[in-house]
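Below is one structure, written out as structure tokens, with a few remarks after it.
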Amino acid sequence: MYMFVPFLLALAGCASVWRSHARLGYGLWGATIVVTVAWFFHHATDPLKFSF
């Protein structure tokens, strides 16, 4: 639903590193990984609803 969040976090992290705020950038990069993995586990454990 909110699939733009990891991309927005990654963009903000890259922009922070580019503007010499490395610590904030690394934190945002870590948050990007956490959100992406959490979304993967959320969707990977849902049963598939096929109707043939």
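The values are calculated or read from the model by the stated rules, or taken from the named source; none is laboratory data. On a predicted model such as this, the values are computed, not experimentally measured, just so you know. Please note: Cβ atoms are built from the backbone with ideal geometry, for glycine as well, and neighbour counts cover all protein chains shown. Accessible surface is based on the protein model in full, side chains and every heavy atom, while ligands, DNA and RNA are left aside. Shrake-Rupley method; radii C 1.70, N 1.55, O 1.52, S 1.80 Å.
Output the residues belonging to the chain that are over 8 Å from the mean Cα position of the chain (by Cα) and among the polar types (S, T, N, Q).
Those that are over 8 Å from the mean Cα position of the chain (by Cα) and among the polar types (S, T, N, Q): S16, S20, T45, S51.
For a quick check of your reading of the model, give me the residue pairs whose first member lies in region 27-52 and is without any contact (Cβ under 8 Å) to a residue 40 or more places away in the chain, whose second is open to solvent by 100 Å² or more (accessible area, probe 1.4 Å) and not in a helix (DSSP H, G or I), with beta-carbon atoms closer than 8 Å and at least 6 apart or on different chains.
Every condition considered, the pairs that remain are W39/M3.
List pairs: first residue in region 1-24 and touching a residue at least 24 places away in the same chain (Cβ under 8 Å), second residue surrounded by 13 or more Cβ atoms within 10 Å (Cβ to Cβ) and in a helix (DSSP H, G or I) anywhere in the structure, Cβ distance under 7 angstrom, at least six positions apart or on different chains.
Final answer for the pair search is V5/V35; P6/T32; P6/V35; P6/T36; L9/L28; L9/A31; L9/T32; L9/V35.
Among the residues of the chain satisfying the criterion of being in a helix (DSSP H, G or I) and aromatic (F, W, Y), which is surrounded by the most Cβ atoms within 10 Å (Cβ to Cβ)?
In this case the residue turns out to be W29.
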